[in-house]
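Colleague: After the structure tokens below, expect a handful of questions from me.
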Ligand SMILES: *Cc1c(COP(=O)(O)O)cnc(C)c1O
């Protein structure tokens, strides 16, 4: 492969034939494996049979796998071709604006129809469920990106799709709902009166603006109580992180073409899947000792799971129906303020990302939303893409690292994941331009209360 000259190029090409053929499972290379899951009902080790009520065997196998590589089915790879390989850009205008000696690259996952990285896993999950004879998928969505991705994937494979959408986002983002309905999904503002979990929340707080934890409870309950219906999650779980590793594998191949390797890899972190996607294939080199690099997960100050949470066993959802995982958590019933990065409002984080963080293999940082939008607008004006509020957390950190490199006079190579575009988030931009946007911190008191209700396991 002939090298491209990095200073002549803005968009680094990759052939369709270079779409990865396997997903990379970092569990194979971790010094400390993520803890197994426990049953929310018995507090005992979760048996694969218990997962069968809501997941197909193939995904349960991936969830528990310690194999280093897992084959991507041809049917999935075929659909990936519609938008993959996704572009890798050099942010030359941003570099100039910052007057930094750092070279900044970003992988753009907003180039597919749903506008975020989530389609990478949605397609795979819909495929495996279809293969298992399932008729309908139930899921939750925060900001709407996951619901959009799963709606499109279900439509492709002829599955029905029921989406429990966090109420605050349902109100803020009506076009997301229209998007999902265009692909045939049924969308409900969560908490709903359709499920026991939803009704219980509404009894306590009829004005509840919802949370991802609550919406997950509703979707899990829906799936568990219907034989032909499975549950699908857009982040957090090992198999979701696994599916996203096409991002980092492609980025690695693209950087190789310009003879680069990142010193720093950055992504925003809600449940951890896009961070996993871009970082894990590089962390493989760090874990094997062949490369040194920093990987930084960026979270909102209003929901600072890694930087302010505890590493403990906790429920994946508010109603204690999802498995108990050992993860960084703010407590399963912690409900963060309604910030504009709705996709980053989850109380916990991927068990794998959490373990890597606890082992000091990765870093984390948290930012308030005003400084995140400052970075978003700066990036948009320099690079011509309006980023999702979630992704803008990664941009903030990338800019800060580039400025540090300038102060130190260091030629750092910075890679970040632009997990999605912000074209459905223009009302958030309006709000920012109005000058009324405020930085909301998390409530320490609420976190302490919530953490006092962590489960005990046997
Ligand atoms: C959902 C979402 C996120 C957060 O989810 P992760 O699983 O942490 O990646 C980040 N960015 C965008 C654009 C999203 O849609």
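We did not get these values from a lab; they are worked out from the coordinates using the rules stated. Please read all numbers here as calculations on a predicted model, not as lab measurements. Because the Cβ atoms are built from the backbone with ideal geometry, glycine has one as well, and the counts that use them run over all protein chains shown.
Colleague: Taking Cα centroids, how far is the stretch 81-129 from the stretch 138-175 in Å?
Modeller: 21
Colleague: Taking a ≥ b ≥ c as the square roots of the Cα gyration tensor eigenvalues, with a/c under 1.5 meaning rounded and otherwise prolate when a/b beats b/c, else oblate, which class fits the stretch 324-373?
Modeller: Verdict is oblate for the stretch 324-373.
Colleague: What would the Debye formula give as log10 I(q)/I(0) at q = 0.18 Å⁻¹ for the alpha-carbon point model of the stretch 311-458, no solvent?
Modeller: Per q value, in the given order, log10 I(q)/I(0) is -1.15.
Colleague: Could you work out how far the C-alpha centroid of the stretch 344-361 sits from that of the stretch 419-458, in angstrom?
Modeller: The stretch 344-361 and the stretch 419-458 have Cα centres spaced 17 Å from each other.
Colleague: What is the list of residues in the stretch 13-31 whose amide nitrogen lies under 18 Å from a point 7 angstrom out from the Cα of residue 71, following Cα to Cβ?
Modeller: Residues 19-25 fall inside that zone.
Colleague: Shape of the stretch 91-168 from its Cα gyration tensor (a ≥ b ≥ c, root eigenvalues): rounded if a/c is under 1.5, otherwise prolate when a/b > b/c, or oblate?
Modeller: Prolate shape, in that a/c is at least 1.5 and a/b is the bigger ratio.
Colleague: In degrees, nearest 10, range 0 to 90: what is the angle between the Cα axis of helix 369-383 and the longest Cα principal axis of the chain?
Modeller: 50
Colleague: Any idea what angle helix 389-408 forms with the longest principal axis of the chain, computed on alpha-carbon atoms, 0 to 90 degrees, nearest 10?
Modeller: Roughly 30 degrees, rounded to the nearest 10.
Colleague: In addition: Quick check: from the Cα gyration tensor, does the stretch 154-223 come out rounded (a/c under 1.5), prolate or oblate?
Modeller: Oblate, since a/c reaches 1.5 and b/c is not below a/b.
Colleague: To continue, here is another question. Cut-off is 10 Å between beta-carbons; in what order do 426, 152 appear when sorted fewest neighbours first?
Modeller: Lowest to highest Cβ neighbour count: 426, 152.
Colleague: Label-point separation (nm) for residue 225 and residue 35, each offset 7 Å from Cα along Cα-to-Cβ?
Modeller: 3.0
Colleague: Against the longest principal axis of the chain, how steep is helix 145-157, in degrees 0 to 90 to the nearest 10, with axes from Cα atoms?
Modeller: Orientation of helix 145-157: about 80 degrees from the principal axis.
Colleague: What ranking of 291, 130 emerges when the number of other C-beta atoms within 10 Å of each C-beta is taken as an exposure proxy, fewest first?
Modeller: The order, fewest Cβ neighbours first, is 291, 130.
Colleague: What value, in deg cm²/dmol to 500, does the helix sum -39500 (n - 2.57) over DSSP H runs of n ≥ 4 give at 222 nm once divided by the residues of the chain?
Modeller: Computed mean residue ellipticity for the chain: -12000 deg cm²/dmol.
Colleague: Further question on the same structure: So how much slack lies between residue 83 and residue 446, counting 0.36 nm per residue of separation and subtracting their Cα-Cα distance, in nm?
Modeller: Additional length available on full extension: 126.5 nm.
Colleague: Relative to the compact-globule scaling 2.2 N^0.38 Å, provide the ratio for the alpha-carbon radius of gyration of the chain.
Modeller: It is 0.91.
Colleague: Using a Förster distance of 22 Å, how high is the FRET efficiency between residue 377 and residue 407, based on the Cβ-Cβ distance and rounded to 0.05?
Modeller: 0.45
Colleague: Taking the beta-carbon count within 10 Å as an exposure proxy, list 268, 161 from fewest neighbours to most.
Modeller: Listing 268, 161 from fewest to most nearby Cβ atoms yields 161, 268.
Colleague: With the cut-off at 25 Å, report for the stretch 182-320 the share of all Cα pairs above it, as a whole percent.
Modeller: 45
Colleague: Separation of the stretch 46-64 and the stretch 1-29 by C-alpha centroid, Å?
Modeller: 32
Colleague: What is the extension gain from residue 42 to residue 5, computed as 0.36 nm multiplied by their sequence separation minus the C-alpha to C-alpha distance, in nm to one decimal?
Modeller: This chain segment gains 7.4 nm when fully extended.
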